[in-house]
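> Below are the structure tokens for one structure; questions will follow.
The values are calculated or read from the model by the stated rules, or taken from the named source; none is laboratory data. All values derive from a computational prediction rather than experimental measurement. Heads up, the Cβs are rebuilt from the backbone with ideal geometry, glycines too, and the neighbour counts pull from every protein chain shown.
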Amino acid sequence: MRSLLFILTLAIGAVVGLGLTWFTTVKGYGPASIRSGAWEAWPKAGAEDADPYARAALARAGELPLELADGLAFVARTDDAGMPLDGRCDIRLTGSLPQARFWTLTVTDPRGRLIDNPAKRSGFTSPEVVWNRDGTLDLLLGPRARPGNWLPTGARERIVLTLRLYDTPVGLARRTSDAPAMPRLVTERCP
């Protein structure tokens, strides 16, 4: 009877432990994140001393994170109002970007795969966008083509934006965990 109780206790512990680890890593790289509006980043995900949750999330996803010295990736799954990013809607990204030598903005599905679309475009890089005169950015994401800075969403129900800042003083490269001011994400029109 004692051995059966022992095995049952071990099984319950394993299920609870693995379940909590999965829950913690399914939408990011563990609890050590910084947030700014809709954007979230995990500065230590690519560091040698990354926490076990970040390592588990990276192993599960099969991703290679940015090293802290290289840059930092911010991910947005919702707009600033907390609504999930819907690729069937028009979404506006406006404002200033944190200081970086180079950046990329990519739109993917929730599993991190590029979205197939007729324009064959899945992102922008810093030299490709048209900047406003005041140094801010105005970019529209949506299923229908628009003039200016437009990224197609393939009319997917859920999308994820990833902004990668390369050679940036943001985050732990400055020995701070404060998130910088990030561009706003606003859902403008939804069918």
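> Kindly evaluate Pro147 against the criterion of being in a loop (DSSP other than H, G, I, E, B), without any contact (Cβ under 8 Å) to a residue 24 or more places away in the chain and over 24 Å from Arg101 (Cα atoms).
yes
> Scan region 163-186 and give yes if some residue there is modelled with pLDDT of 90 or more and more than 20 Å from Leu72 (Cα to Cα), otherwise no.
Looking through region 163-186, at least one residue is modelled with pLDDT of 90 or more and more than 20 Å from Leu72 (Cα to Cα).
> Separate question: Go through the residues of region 91-98 one by one and say whether even a single one is in contact (Cβ under 8 Å) with a residue 24 or more places away in the chain, among the small types (Gly, Ala, Ser) and closer than 23 Å to Cys190 by Cα.
yes
> Is there a residue in region 99-109 that is modelled with pLDDT of 95 or more and of a type in the set (Lys, Arg)?
no
> Is it true that some residue in region 181-191 is assigned to a loop (DSSP other than H, G, I, E, B) and of a type in the set (S, T, N, Q)? Quick ask: steps written out before the conclusion?
Within region 181-191, the first condition is being assigned to a loop (DSSP other than H, G, I, E, B), and the residues that meet it are 181-183, 190-191.
Those left that are additionally of a type in the set (S, T, N, Q): none.
No, the conditions are met nowhere in region 181-191.
> Could you go through region 5-25 and let me know if any residue there is modelled with pLDDT under 80, surrounded by 19 or more Cβ atoms within 10 Å (Cβ to Cβ) and out of contact with any Ser or Thr (no Cβ under 8 Å at 6 or more places or on another chain).
There is at least one residue in region 5-25 that is modelled with pLDDT under 80, surrounded by 19 or more Cβ atoms within 10 Å (Cβ to Cβ) and out of contact with any Ser or Thr (no Cβ under 8 Å at 6 or more places or on another chain).
> Against the condition modelled with pLDDT of 70 or more, part of a loop (DSSP other than H, G, I, E, B) and closer than 30 Å to Leu140 by Cα, how does Ala81 come out, does it pass?
Yes, satisfied.
> Related question: In the list Asp116, Asp134, Asp138, which residue meets the criterion of being surrounded by fewer than 16 Cβ atoms within 10 Å (Cβ to Cβ) and part of a strand (DSSP E or B)?
Answer to the check: Asp138.
> Report, by residue number, each residue of region 26-40 that is at pLDDT below 80 and either over 19 Å from Arg111 (Cβ atoms) or among the small types (Gly, Ala, Ser) (or both).
Hits for region 26-40 are Gly28, Gly30, Pro31, Ala32, Ser33, Ile34.
> Right, Leu93: crowded, with 19+ Cβ neighbours inside 10 Å and part of a strand (DSSP E or B) or not?
When the stated conditions are applied, Leu93 passes them.
> If you don't mind, another one. State whether one or more residues within region 94-106 are of a type outside the set (Asp, Glu) and either touching a Cys at 6+ places or on another chain (Cβ under 6 Å) or more than 18 Å from Pro180 (Cβ to Cβ) (or both).
Yes; the residues of region 94-106 include at least one that is of a type outside the set (Asp, Glu) and either touching a Cys at 6+ places or on another chain (Cβ under 6 Å) or more than 18 Å from Pro180 (Cβ to Cβ) (or both).
> Which of the residues belonging to region 78-88 are surrounded by 20 or more Cβ atoms within 10 Å (Cβ to Cβ) and either on the phi > 0 side of the Ramachandran plot or in contact with a Pro (Cβ under 9 Å, 6 or more places away or on another chain) (or both)?
Gly87
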